[in-house]
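Following: one structure in structure tokens, then a few remarks.
The values are calculated or read from the model by the stated rules, or taken from the named source; none is laboratory data. Not measured: the values here are computed from a predicted model. Because the Cβ atoms are built from the backbone with ideal geometry, glycine has one as well, and the counts that use them run over all protein chains shown. Remember, those area values only see protein heavy atoms, side chains included, never the ligands or the DNA or RNA. Shrake-Rupley method; radii C 1.70, N 1.55, O 1.52, S 1.80 Å.
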Amino acid sequence: MKSTLYYLHALSALHVGTGQGAGVIDLPIAREKATHLPYAPGSGLKGVLREEMKPANGSDRSVWEALFGPARVMDDEGFAGALAIGDAHLLCLPVRSLAGTFAWGTCPFILARYRREAIAVGLAAPDLPGVLNDEGAMTSTSTLLKHQDKVVLEDLDLNAQAGADAWAEHIASTVFGGDTTWQELFKQRFAILPDGVFDFLAETATEVRARIRIKEETRTVAKGMLWYEENLPAETLLYGVVGADRARRGGGSDSEMLNQVTPKLRLQLGGKATVGRGLVNWIKQEV
């Protein structure tokens with residue numbers, strides 16, 4: 001199987017939920033069991049891609065069916081699609097900052113996971129950052145996040161440290177390739193945070209919105225119709241692995257099948273589409 005990495009850049013709040021929650025938040029987002037970090041299941045993304053790449057009526061569907069499998073299975077004529085999409089894991093979380101408006105925060109644990117996946121699919125990734133003080137935040141040389149040698153995120157006061165340039169350049173050029181303006185905006189706001197600090201922010205810095213339903217007759221809130229929904233904020237970055245096997249019908253190789261996947265798309269992922277949630281950029285890294 002030929003594989004590469006893909007990225008999701010959230011252009012609006014993103015709600016990939018797990019159904020009804022038992023806590024204060026009625027509709028929480030999906031989180032990994034062990035790390036409790038937010039993620040987006042690959043199954044949902046594959047379904048969205050399948051619909052987005054679907055050929056127009058009357059067009060040749062052979063490549064589309066080779067990638068995703070046949071639209072309808074009749075008797076013994078069914079076959080598995082060549083495309084495999086892994087879950088999208090959190091790469092950078094936007095966090096409110098005293099200077100620079102907001103920061104794209106990540107941590108050594110996330111970068112280690114990302115680097116492992118990049119190397120596994122034959123892509124380059126920078127070395128892991130050096131020692132990070134428990135009360136420090138690594139930034140790039142062009143950072144806008146420093147305020148009197150401090151990086152203040154939400155209500156956390158961290159000491160600014162150098163050392164994030166290689167990772168800032170790598171992620172900026174990969175996710176925002178070809179757009180020098182956004183590459184510079186990213187590098188100016190990128191920060192590597194201690195694992196414990198990032199874990200706290202991943203729990204508390206997500207976006208929670210209150211929703212209500214109004215009674216038509218009185219224009220007041222219907223009884224019991226106040227609920228809270230959790231979202232990943234706009235500008236969140238996620239990554240995952242996308243791979244392709246040889247075509248089980250049509251004869252295409254694994255590389256040919258992977259190259260058939262559109263490298264850049266604007267998709268709607270997750271729930272709450274009618275209230276503007278889930279608009280993302282899909283970026284497939286070229287191999």
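About its Cα centre, the dipole of the chain is roughly 760 debye, where the only charges are +1 on Lys and Arg Cβ and -1 on Asp and Glu Cβ. Per-residue accessible area (protein heavy atoms, 1.4 Å probe) orders 257, 1, 225 as 1, 225, 257, starting from the largest.
Take the Cα of residue 221, step 7 Å toward its Cβ, do the same at residue 181, and the gap between the two points is 4.0 nm.
Couplings 3J(HN,Hα) of the stretch 145-158, computed from phi: 8, 6, 9, 6, 6, 10, 10, 10, 10, 6, 10, 9, 10, 10 Hz, in residue order, whole Hz [Karplus 6.51 cos²θ - 1.76 cosθ + 1.60, θ = phi - 60°; x for Gly and Pro]. Taken about its Cα centre, the stretch 133-287 carries a charge dipole of roughly 1080 debye when the Cβ of each Lys and Arg holds +1 and the Cβ of each Asp and Glu holds -1. With all protein chains kept in place, the per residue accessible area of the stretch 235-287 amounts to 46 square angstrom at a probe of 1.4 angstrom. Simple rule: put +1 on each Lys or Arg Cβ and -1 on each Asp or Glu Cβ in the chain, find the dipole, and look at 285, 262, 183; the Cα lying farthest toward the positive end is 262. With the convex hull of its Cα atoms as the shape, the chain has an orientation-averaged projected area of 19.2 nm².
Heavy-atom surface analysis with a 1.4 Å probe gives the chain a carbon and sulfur content of 49 percent of its accessible area.
Entry comment: accessible area of the stretch 72-191 is 48 Å² per residue, from protein heavy atoms only and a probe of 1.4 Å. The figure for residue 39 is an accessible area of roughly 60 square angstrom, using a 1.4 Å probe on the protein chains alone.
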